[in-house]
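S.K.: Got a structure for you, written out below as structure tokens; questions coming shortly.
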Amino acid sequence: MAQNTSAKFASLDQAYQKTLYEVFASEAPLQLRVNSRNTALDRLLQQYQVTTWALITAHNPYSQQLGLHQNYQRHQALITTLQAIGLPTLPAVGRDESGQWPPEKSLFILGISRPNAMDLGRQFAQNAILYGALAQPIELLWLVDTA
């Protein structure tokens with residue numbers, strides 16, 4: 001869990017915790033924060049008749065910044081992978097409000113299981129993903145060894 005991160009990942013954990021995650025589901029984006037609950041998010045899940053979700057990016061594997069073209073190609077590969085799985089997705093973005101990192105295009109995946117979401121995050125070389133369930137706080141799930 002995020003609370004058990006070593007010093008090596010402490011700064012990353014802090015950055016991920018402070019990031020504003022936005023899901024583009026209607027006129028106004030849903031704004032998500034780690035460890036918080038969001039009633040608008042719960043309504044969205046009910047609308048899609050699912051109880052779980054994940055927010056995953058393919059940008060900047062293991063927090064190593066790539067160029068725009070490489071990140072675009074990785075994002076397209078994530079889209080293609082999810083189309084093959086057949087789960088509904090919505091566009092999303094992770095925004096570092098301090099401005100140190102550029103926004104990362106992401107996908108909000110509806111109805112995905114925790115193990116499948118974690119496998120997908122690992123497939124796209126991510127340190128962590130967001131995961132949630134209906135009426136539960138948003139979780140930051142680490143995918144790498146943080147000891």
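Since every read-out is calculated from the coordinates, none of them should be taken as a lab result. Model, not experiment: these values are computed from the prediction. Note that we place each Cβ from the backbone using ideal geometry, even for glycine, and neighbour counts take in every protein chain shown.
S.K.: Restricting to DSSP H runs of at least four residues, report the calculated mean residue ellipticity at 222 nm for the chain, -39500 (n - 2.57) per run over all residues, nearest 500 deg cm²/dmol. Intermediate values should be presented prior to the final figure.
M.R.: Values: 4 runs with 50 residues, N = 147.
Rounded to the nearest 500, it is -10500 deg cm²/dmol.
S.K.: Ratio of the chain's C-alpha Rg to 2.2 N^0.38 Å, to two decimals? Don't skip to the answer; put the middle values down first.
M.R.: Values: Rg = 14.3 Å, N = 147, 2.2 N^0.38 = 14.7 Å.
That works out to 0.97 for the chain.
S.K.: Here is a follow-up. On the Cα set of the stretch 94-133, report Rg and Dmax in Å, please.
M.R.: When restricted to the Cα atoms of the stretch 94-133, Rg and Dmax are 11.7, 32 Å.
S.K.: Next question. Subtracting the Cα-Cα distance from 0.36 nm times the residue separation, let me have the gained length for Ala15 to Gln73 in nm, one decimal.
M.R.: Difference between extended and current length: 18.4 nm.
S.K.: Normalised by the number of residues in the stretch 2-142, what is the relative contact order in percent for Cα pairs under 8 Å and 6+ residues apart?
M.R.: Across the stretch 2-142, relative contact order equals 33 percent.
S.K.: Between Ser98 and Tyr62, what's the calculated FRET efficiency when r is the beta-carbon distance and R0 is 25 Å? Round to 0.05.
M.R.: Taking R0 as 25 Å, the efficiency between Ser98 and Tyr62 is 0.80.
S.K.: I would also like to ask the following. Using a Förster distance of 30 Å, how high is the FRET efficiency between Ala125 and Thr51, based on the Cβ-Cβ distance and rounded to 0.05?
M.R.: Numbers: r = 28 Å, r/R0 = 0.92.
In this case the efficiency is close to 0.60.
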